[in-house]
1. Pull up the range 275-300, narrow it to residues that are hydroxyl-bearing (S, T, Y) and out of contact with any His (no Cβ under 9 Å at 6 or more places or on another chain), then point me to the one that is surrounded by the most Cβ atoms within 10 Å (Cβ to Cβ).
2. Please work out if Y162 is within 26 Å of A324 (Cα to Cα) and of a type outside the set (G, A, S).
3. Could you tell me whether any residue of the range 195-202 is within 32 Å of the chain's Cα centre (by Cα), modelled with pLDDT of 85 or more and part of a helix (DSSP H, G or I)?
4. Based on this model, can you work out whether E327 counts as part of a loop (DSSP other than H, G, I, E, B) and at pLDDT 90 or above?
5. Considering each residue of the range 262-274, count those that are surrounded by fewer than 18 Cβ atoms within 10 Å (Cβ to Cβ) and either among the β-branched types (V, I, T) or in contact with a Cys (Cβ under 9 Å, 6 or more places away or on another chain) (or both), and give that number.
6. Count, please, the residues in the range 16-58 that happen to be buried (at least 16 other Cβ atoms within 10 Å of the Cβ) and among the β-branched types (V, I, T).
7. Restricting attention to the range 259-282, and to residues there that are under 28 Å from S230 (Cβ atoms) and of a type in the set (D, E, K, R), which single residue is modelled with the lowest pLDDT?
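The values are calculated or read from the model by the stated rules, or taken from the named source; none is laboratory data. A quick note: this is a predicted structure, and the numbers were derived from the prediction, not measured. Cβ sites come from the backbone with ideal geometry, for glycine too, and all protein chains shown count toward neighbours.
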Amino acid sequence: MAIRLKKSYRFAFRSSLIITLFLALASGAFLWYRGVLSHQWPVLLLFTLGVLGVSFLVIQTRVEKFIYRRIKQIYDDVSLLESSSFSPGTITTDMKTLTAEIEKFAKDKKIEIDTLKIREEYRKDFLGNVSHELKTPLFTVQGYILTLLDGALEDKNVRKKYLQRANKGVERLIYIIKDLDLITKLESGDLNLELSNFDIIELIQSVFDLLEMKAAKKKISLTFDMDYPSPIYVRADLEKIQQVVTNLLVNSIKYGNNDGTTEVSVENLIKNKVIVRITDNGEGISEEHIPRLFERFYRVDQSGSRKEGGSGLGLAIVKHIIEAHNEKIYVESVEDVGSEFSFTLEKADT
């Protein structure tokens, strides 16, 4: 039966075989020339086997060390791999395997570099957006204060009006900073959830009541899809889920059409889950914007006009709150038709 050699030993075996054959032929020729080949052939055989074994061990060991040193030097030079993660035990003289390993290493590093580039772009966008969001109310407040200092302070009516407008700018700054603080805590995991059992229907109705006047300005109807005669209890952080529902409903009102409708439904998803759907017939969102909706400060309106208020952090906060509950949030939207945001919650044991 043919002996199958490990592929990693083939180079060493073939090389040692060539050396052995060369030395065996040279030695045989020498013994034949001296006329003693017929008497010394056992010695020649032992010599040949010895040369084969020694050559194989020397070549295999030296090639392993050579390849190990060279590859490790590459890793060390580019500082891409800790030396502790690269051991001689993993090295083989199989060049195909080594090539595959190096290609995999290069591919992984390319992905890592691409990820870093994306993060760098995201960081630049984030800093630009923060700067834009903060400077608008700051310049507004500064403008009114400078106007008052330049002489308008003496006019009682002007003074009161400008101070009120400056106060609105300060309130907007506080609003943005509070949202930034909240999302920072959510992203870093420093915000502890206070889980409790509560009726999600009651919570949604309370948010309806809070936003009734805001919706009435655009004649938007806030309603359930059906009557819910019985409570539906969920286990979550009541305050945070109220913020989620509020943010989603506020967005629905902002971007809803006059005389429109925002409908909320609560459905059983599986045995221990419910899904809350918030659907409107507003202006909708084009498909290209949907993957980035939950980014901080990302706005569908890229013109910078900021015709609708807000910190630009509402949906990012919603996403982080839902994910902090180990739940999912979904969005479906068709431009000029409407949008549906939905999220899951764990049902409470009753």
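1. Step by step, filter the range 275-300, then rank; the result is T279.
2. Criteria not met by Y162.
3. For the range 195-202, residues within 32 Å of the chain's Cα centre (by Cα), modelled with pLDDT of 85 or more and part of a helix (DSSP H, G or I): present.
4. So E327 passes the test.
5. Adding up the residues that qualify gives 1.
6. So the count comes out to 4.
7. That would be K271.
For every residue, the table says whether it meets (1) farther than 21 Å from V245 by Cβ; (2) outside the structural domain of N251 (by TED's automatic domain parsing); (3) surrounded by 14 or more Cβ atoms within 10 Å (Cβ to Cβ); (4) of a type in the set (A, V, I, L, M).
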| position | (1), (2), (3), (4) |
| --- | --- |
| N157 | yes, yes, no, no |
| Q164 | yes, yes, no, no |
| G169 | yes, yes, yes, no |
| L173 | yes, yes, yes, yes |
| L182 | no, yes, yes, yes |
| M213 | no, no, no, yes |
| A216 | no, no, no, yes |
